[in-house]
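For reference, the structure is listed below as C-alpha cells.
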Amino acid sequence: YYTETVFPALGLKSSASARKWVESVRHTNAGAMADGLKAEGYQILATGFSERAKPVTHYDLTGPTAVVLGNEHRGVDQELLDVATDEVFIPMQGMVQSLNVSVAAAVTLFEAWRQREAKGMFDQPSYDPEELAALIAAWEEK
C-alpha cells in the first residue's frame with residue numbers, strides 16, 4: 001500500500017539480486033487490502049507507538065502475517081492503523097526509539113525466522129516436488 005501519487009520503482013542497484021525473487025503487489029485501498037489479507041488468514045501488524053502497541057516479540061509470527069512498516073518520518077498512515085489486527089514496536093533501550101525502515105524490516109523478519117526455526121518449520125520442505133519444480137521454472141524465466 002502506498003499513499004503517494006507515483007509508486008516508486010524498486011531500486012535497481014540495492015535490490016537487484018532480490019528483485020526477481022520477490023513478488024510485489026500494489027494496493028491503493030487500505031480496507032480492500034486488509035479484507036483480502038484477513039480473508040486469507042493473515043494477521044496484520046502495523047508498527048507504531050500508541051498505547052495499544054506491544055513488542056513484536058509478543059506475537060506469534062509463525063502463521064500468515066503481514067507487517068506494515070511506516071514512513072521513517074510520519075510512521076504508518078492512520079487508515080492502515082485502523083485496519084491492522086494489532087500494533088507492534090521493536091523493543092529498544094536508550095534515547096533513540098526508532099530504526100531506519102529497512103533495519104526495522106530486517107529485525108522483524110529475523111524475529112519471524114527465529115520463531116519459525118524454533119518451531120521446526122524449516123525441518124521439512126514447504127513445497128512438494130511438483131510445486132518446487134514449477135517455482136524454479138518460473139524463476140528461471142525471470
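FYI, it's all coordinate maths here, none of it is from the lab. Since we're looking at a predicted model, the values are computed, not measured. Here Cβ is always computed from backbone atoms with ideal geometry, including for glycine, and neighbour counts include all displayed protein chains.
Using +1 at the Cβ of each Lys and Arg and -1 at the Cβ of each Asp and Glu in the chain, identify which of Gly36, Val56, Val103 lies farthest towards the dipole's positive end. It is Val103. Taken one residue at a time, the phi angles of region 85-96 give Karplus couplings (6.51, -1.76, 1.60, θ = phi - 60°) of 5, 8, 10, 10, 9, 8, x, 9, 10, x, 6, 7 Hz. Gly and Pro are set to x. Backbone geometry of region 69-75 corresponds, through the Karplus equation with coefficients 6.51, -1.76 and 1.60 at θ = phi - 60°, to 3J(HN,Hα) couplings of 9, x, 4, 5, 9, 10, x Hz, x marking Gly and Pro.
Shown is the FRET efficiency for Gln78 and Glu140, computed with R0 = 25 Å from the Cβ-Cβ distance and rounded to the nearest 0.05: 0.05.
Extension gain for the segment Glu23 to Arg116, taken as residue separation times 0.36 nm less the Cα-Cα distance, is 31.4 nm to one decimal. For Val88, nonlocal amide neighbours, meaning residues 5 or more places apart or on other chains whose placed amide H falls under 5 Å from its own, are Ala46, Thr47, Gly48, Lys54. The count of lysine pairs in the chain with alpha-carbon distances below 26 Å, taking only pairs 8 or more places apart or on different chains, stands at 5. Amide H contacts of Thr65: Gln43, each under 5 Å away and 5 or more positions distant or on a separate chain (H built 1.01 Å from N in the peptide plane; Pro and chain starts excluded). As a length-normalised measure over Cα pairs under 8 Å and 6 or more apart, the relative contact order of the chain settles at 23 percent.
Using only Cα coordinates, the Kirkwood hydrodynamic radius of region 31-141 works out to 15.8 Å. The 3J(HN,Hα) values that the Karplus relation (6.51, -1.76, 1.60; θ = phi - 60°) gives for region 28-37 are, in residue order, 10, 10, 4, x, 5, 4, 5, 4, x, 5 Hz. Gly and Pro appear as x. Taking the number of Cβ atoms within 10 Å of each Cβ as an exposure proxy, the fewest-first ranking of Asp77, Asp123, Asp60 is Asp123, Asp60, Asp77. The H on the amide N of Leu99, modeled in the peptide plane, is under 5 Å from the matching H of no residue at least 5 residues off or on a different chain. Net charge dipole, the chain: roughly 440 debye, given to the nearest 20, about the Cα centre with Cβ charges of +1 for Lys and Arg and -1 for Asp and Glu.
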